[in-house]
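Accompanying notes for the structure given below.
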Amino acid sequence: MSNTPDSAVATEANSGFHDPTSAGFTRSFEGRLLFWIAVLFSTFQIATAAHLFDLPSQVQRACHVGFLLLLTFPLIAINKNAAVKAIAWVLALAALGVAGYQWVEYEPLLIRAGDPTELDIYLGVIAIATVFVATWLLMGPALPIICGTFFAYCLFGQYLPAPFDHRGYDFHQVIEHMAYGTEGIYGIPTYVSASYIFLFILFGAFLEKAGMIKLFTDFALGLVGHAQGGAAKVAVVSSALMGTISGSGVANVVTTGQFTIPLMKKFGYRAAFAGGVESTASMGGQLMPPVMGAVAFIMAETLGVAYSEIVKAAIIPAILYFFGAFWMVHLEAGKHGLKGLDKKDLPSPLKAVKEQWYLVIPLVALVWLLVGGYTPLFAGTVGLAFTVVLILGASIAIGLPNTVIRVLFWIGLGVVCAAFLQFGIWVIAGAIIALIAVNALKKGGRETLAACRDSLADGAKSALPVGVACAMVGIIIGTMTLTGAANTFGQFVVSVGENSLFLSLILTMITCIVLGMGIPTIPNYIITSSIAGPALEQLGVPLIVSHMFVFYFGILADLTPPVALACFAAAPIAKERGLTISMEAVKIAAAGFVIPFMAVYTPSLMLQDGGPLASEIGYIPAVIYIVIKTVLAISLWGAAVIGYLGAKLPVWMRVLAMVASFTLIAALPITDEIGFALSVVFGYLAWRNVRAVKGKLQPA
């Protein structure tokens, strides 16, 4: 059975955060019961995602929320006294009862839509109340208070002065809107959580269990560990790779940071800088395809576009973001003379890939399916199935007598799995059932099955905060659709933008960062995109670009003080104050602040059509030009912030580099020309400065 309590306690101690569910699945009867409920939850999600059996979307969403709350309340109370446990189980069973009611009464509820019974209203109130309570217990008061304010606006907004008022809505109408149908707590965020997000969390859990973290770490160590400042470069590369499967910033800090932060400190990096590097790189995991943060899936569903379109928009900015972090650590290492790790002590990247290359197959399959236009639901299901096949198949292959038979076994298994494109998911399901049966008959196989079972339980537990947050922010979306509240703020943003688009963008950025101080990225994105997204579109910003703008600053809110979640997660590992780490992270993440603004003025940076530059010189040249300009702007900013480029820079040269960088970012007449000219001047002066420091030339 899963040893979750030990790992959870260790994680909590290292991260410095209190996870309300950190006690995990204890070895008591209650803990074992919750463990098997979690396994059942994951099995239910996989079965519905793979269409092994189908439910109406409304019922599937209700069951998803029911399972979330059935696990959340007892897990939080598992080490509390009997009275608290009793209350937790009452709330959990009440939430489960609501889900059961939605399933049993599905058709009658459709028939009497608009005319709910008193029982419908009572159960609707229970559904909304349990989501509010669960969110408060899991995440603190910020998100429930914000959502509660929106909910109160539905009920009492008619008493506000114009233009903030609405026509007024009956209590029964508000409850029915929020607790039934697909606009409130069972809205798009819950749909995405119940289909895409849960699957990708399981996908990451199984890959981690299979050894993917070790592969990424060994590869990063062997690739860049020997270079100047190699310890920090390992952090950037490993966190970027980890981001391709996790899509979670804080989880990335806690997993890869346990290794990279002490390594950076050991080789001379300041504790605050080491924590800042890991926090910046880890948050970038939400931007790194193919498995971006949960927001990317919600964005695709909200905009009604293929997930591959979101990936296309994100790929260049993600690479530039990590280039910026890589460049900053390179300059910091040069400034302080930090050398790389001894090459003879490092693993070979080729050997790491050669020994564990098969772990990459599910990731390659996932990318191929997403790029090929398949839905994230289908791609995630197949990617997860391939991962399970690899884990179970490897357990069997180890016991085969010789290499030839092992090769034939893998070829045969590969052919069977490839047949899913022709014959459907049942082919892979049949292969998995057969592999489970074989593993059940051998000793090592039974241990592998136990590990897979534990992954199902751990994946379900990991999904709780994301899933509950998705249900909670449905209140905000429900308020928007019922009252049209987004129009008021949107009109204000548009009125500002008529005079200055830049001021509108600044206003949106500040909104994202302020909201991000108290709530996770998902609700931050949903609130700001529903309000500011349409307004920015009216100002001529392409829709995907406007939503990516909000996405970026929702992520960066976890790096900006005073409430920098990722930095506070890194603080106990780095043994440094979270605010100090946050200040370093903001400098390192400069690319993240630059890229969204540049993409608005030149959408080619996100591979989108539009913008004056593409109209003037063509789409492909515009992409090349904006990438070169962004790289140059990031490079200049790094030199200005760190104060080093081959040699330490005097203050006036740092100011020159900062001015050159800013003029390249600004989209005003002739600013590009000024920026390139200043860059040339700075480059020449930096070259002279290096030669002067080395004693070959007198300072200019």
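The values are calculated or read from the model by the stated rules, or taken from the named source; none is laboratory data. Keep in mind the model is a prediction, meaning the values are calculated, not measured. Cβ: placed from backbone, ideal geometry, glycine included. Neighbour counts: every protein chain shown. Each accessible area value is taken on the protein alone, full model and side chains, heavy atoms only, with ligands, DNA and RNA left out. Shrake-Rupley method; radii C 1.70, N 1.55, O 1.52, S 1.80 Å.
Structure notes:
- Among (1) out of contact with any strand residue (DSSP E or B) (no Cβ under 6 Å at 6 or more places or on another chain); (2) over 22 Å from Phe216 (Cα atoms); (3) open to solvent by 50 Å² or more (accessible area, probe 1.4 Å); (4) modelled with pLDDT of 80 or more - the single one Ile396 does not satisfy: (3)
- You will find that of Phe29, Phe41, the residue that is open to solvent by less than 60 Å² (accessible area, probe 1.4 Å), out of contact with any strand residue (DSSP E or B) (no Cβ under 7 Å at 6 or more places or on another chain) and at pLDDT 80 or above is Phe41 and no other.
- Candidate set from the range 265-312 (those that are hydroxyl-bearing (Ser, Thr, Tyr) and under 22 Å from Val367 (Cβ atoms)); member that is nearest to the chain's Cα centre (by Cα): Ser282
- Of all residues in the range 169-193, exactly one satisfies the criterion of being open to solvent by less than 10 Å² (accessible area, probe 1.4 Å) and aromatic (Phe, Trp, Tyr), namely Tyr186.
- Some residue of the range 675-696 being open to solvent by less than 30 Å² (accessible area, probe 1.4 Å), of a type outside the set (A, V, I, L, M, F, W, C) and free of Cβ contacts under 8 Å to residues at least 40 places away in the same chain: no
- Selection within the range 637-651 - part of a helix (DSSP H, G or I) and either in contact (Cβ under 8 Å) with a residue 12 or more places away in the chain or within 29 Å of the chain's Cα centre (by Cα) (or both): Trp637, Gly638, Ala639, Ala640, Val641, Ile642
- Unmet criterion (only one of (1) within 24 Å of His172 (Cβ to Cβ); (2) among the hydrophobic types (A, V, I, L, M, F, W, C); (3) modelled with pLDDT under 90; (4) in contact with a Ser or Thr (Cβ under 7 Å, 6 or more places away or on another chain)) for Leu143: (1)
- Exactly one residue out of Val90, Val104, Val84, Val98 is within 25 Å of His172 (Cα to Cα), open to solvent by less than 90 Å² (accessible area, probe 1.4 Å) and either out of contact with any helix residue (DSSP H, G or I) (no Cβ under 6 Å at 6 or more places or on another chain) or of a type outside the set (Gly, Ala, Ser) (or both), and it is Val98.
- For the range 439-454, the tally of residues that are surrounded by 14 or more Cβ atoms within 10 Å (Cβ to Cβ) and assigned to a helix (DSSP H, G or I) stands at 8.
- Candidate set: the range 598-608, residues that are touching a residue at least 40 places away in the same chain (Cβ under 8 Å) and open to solvent by less than 20 Å² (accessible area, probe 1.4 Å); chosen: the one farthest from the chain's Cα centre (by Cα): Thr602
- The set of residues in the range 279-303 that are farther than 21 Å from Ala569 by Cβ and open to solvent by 10 Å² or more (accessible area, probe 1.4 Å) comprises Pro289, Pro290, Glu301, Thr302, Leu303.
- Sub-8 Å Cβ pairs linking a first residue in the range 433-444 that is more than 17 Å from Cys417 (Cα to Cα) to a second residue that is at pLDDT below 85 and not in a helix (DSSP H, G or I), at least 6 apart or interchain, are Lys442/Gly399; Gly444/Ile398; Gly444/Gly399, ordered by first then second residue.
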